1. Identify all residues within region 257-269 that are in a helix (DSSP H, G or I) and surrounded by fewer than 17 Cβ atoms within 10 Å (Cβ to Cβ); write none if there are none.
2. Among the candidates V74, V50, single out the residue that is touching a residue at least 40 places away in the same chain (Cβ under 8 Å), within 13 Å of the ligand (Cβ to nearest atom), assigned to a strand (DSSP E or B) and among the aliphatic types (A, V, I, L, M).
3. Restricting to region 33-50, what's the tally of residues that are at pLDDT 95 or above and surrounded by fewer than 17 Cβ atoms within 10 Å (Cβ to Cβ)?
4. List pairs: first residue in region 234-258 and farther than 27 Å from D212 by Cα, second residue modelled with pLDDT under 95 and not basic (K, R) anywhere in the structure, Cβ distance under 8 angstrom, at least six positions apart or on different chains.
5. Among what's in region 62-79 and is aliphatic (A, V, I, L, M) and surrounded by fewer than 21 Cβ atoms within 10 Å (Cβ to Cβ), pick the residue that is nearest to F137 (Cα to Cα).
6. Could you check region 157-193 and list, in sequence order, the residues that are free of Cβ contacts under 8 Å to residues at least 40 places away in the same chain, among the hydrophobic types (A, V, I, L, M, F, W, C) and touching a strand residue (DSSP E or B) at 6+ places or on another chain (Cβ under 8 Å)?
7. Scan region 166-201 for residues that are under 20 Å from the mean Cα position of the chain (by Cα), modelled with pLDDT of 95 or more and within 24 Å of H241 (Cα to Cα) and jot them down.
8. Take the conditions within 12 Å of the ligand (Cβ to nearest atom), surrounded by 21 or more Cβ atoms within 10 Å (Cβ to Cβ) and closer than 22 Å to I164 by Cα and apply them to A18. Does it pass?
Amino acid sequence: MAVAWVTGASSGLGLHTARALCAAGWQVVGGARSLSAEEQPGLLHLPLDVTDDGSIAAFVREATARYGAPDALVNAAGVLLIGACEDYAAQELQRVMDVNFLGMARMVRAALPLMKERGRGRIVTFSSVNGLLATPFQGAYTASKHAVEGYSEALLMEVRPHGIQVMIVEPGDHRGGQEKYRGRSAHCSAGYLAARDRAAAVIARDEAAGSDPARLGNRVARALARRRMPARLRVAKPSQHMAVILHDLLPTGLFTLLLGTYYGVSRRK
Ligand SMILES: NC(=O)c1ccc[n+]([C@@H]2O[C@H](COP(=O)([O-])OP(=O)(O)OC[C@H]3O[C@@H](n4cnc5c(N)ncnc54)[C@H](OP(=O)(O)O)[C@@H]3O)[C@@H](O)[C@H]2O)c1
């Protein structure tokens, strides 16, 4: 039975991906800090904090002792921190980068030697449409997902000769993500307050009306079953696909004016 390690497996898209892989016949080892009580054959939950080297080492030890080396690593752990770029404290930026970017890179470093030894393996990392374009008051998240994109493309080229494939998943808005992972920066300058709240309302509305997370989990599982995974899997509504295309086509000034208007932040004070 093929073995997949899935981070962020206690909630949202990570949990749905773990379930879909399990249903497709994988032995899944799901890692997160809060362990899901969900029991099903083929799905084992282990404690994992991707910001903590000791926790990662314990996860790897336990997972390999039980099922051997992973055939796939799925990096889904992630957090969002809504705030103005000017207002993010350095520690807040570090926290978002630590989970979304460094946490993913730590897991890659932990899994790769085991994969290289066998000359095969698959690494799937959750980026976002925000890995390709920025949205207002999601500067920390956007920066972390751009880092994920750059790192993953470089990784893809480096590990291909070792028989290892890399796929970047770029979800648009999906339902089911939990509020506790959508914090706000501790400080908000008075000048940004109203705009931040309008943008936050649009973010919440779009996620609530987002796509089905179970469907995305199944798409990832199907891609993992292919002999050759696509390097990118973008799962988004047509309007978000269009936004990515327009981002590359339009002058940045015009594109950001349009997107800022959508989020209710373009008005001059
Ligand atoms: N939902 C969307 O619309 C959307 C869109 C684009 C991209 N994404 C990406 O998809 C992924 C899942 O997001 P989601 O919104 O579906 O789920 P979510 O409900 O926000 O869940 C976040 C997951 O990350 C885990 N996590 C957070 N900090 C962690 C840490 N230090 N160590 C280990 N795990 C940690 C959480 O587990 P514990 O707290 O139990 O550790 C939880 O399982 C993220 O990478 C996100 O950026 C989501």
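1. Result: L257, L258, G260, T261, Y262.
2. It is V74.
3. 2
4. The qualifying pairs are L257/S266.
5. Applying the filter and picking the extreme gives V79.
6. Scanning region 157-193 gives no hits.
7. V166, M167, I168, V169, E170, P171, G172, D173, H174, R175, A200
8. yes
The values are calculated or read from the model by the stated rules, or taken from the named source; none is laboratory data. Please read all numbers here as calculations on a predicted model, not as lab measurements. Here the Cβ is made from the backbone with ideal geometry for all residues, glycine too, and neighbour counts use every protein chain on show.
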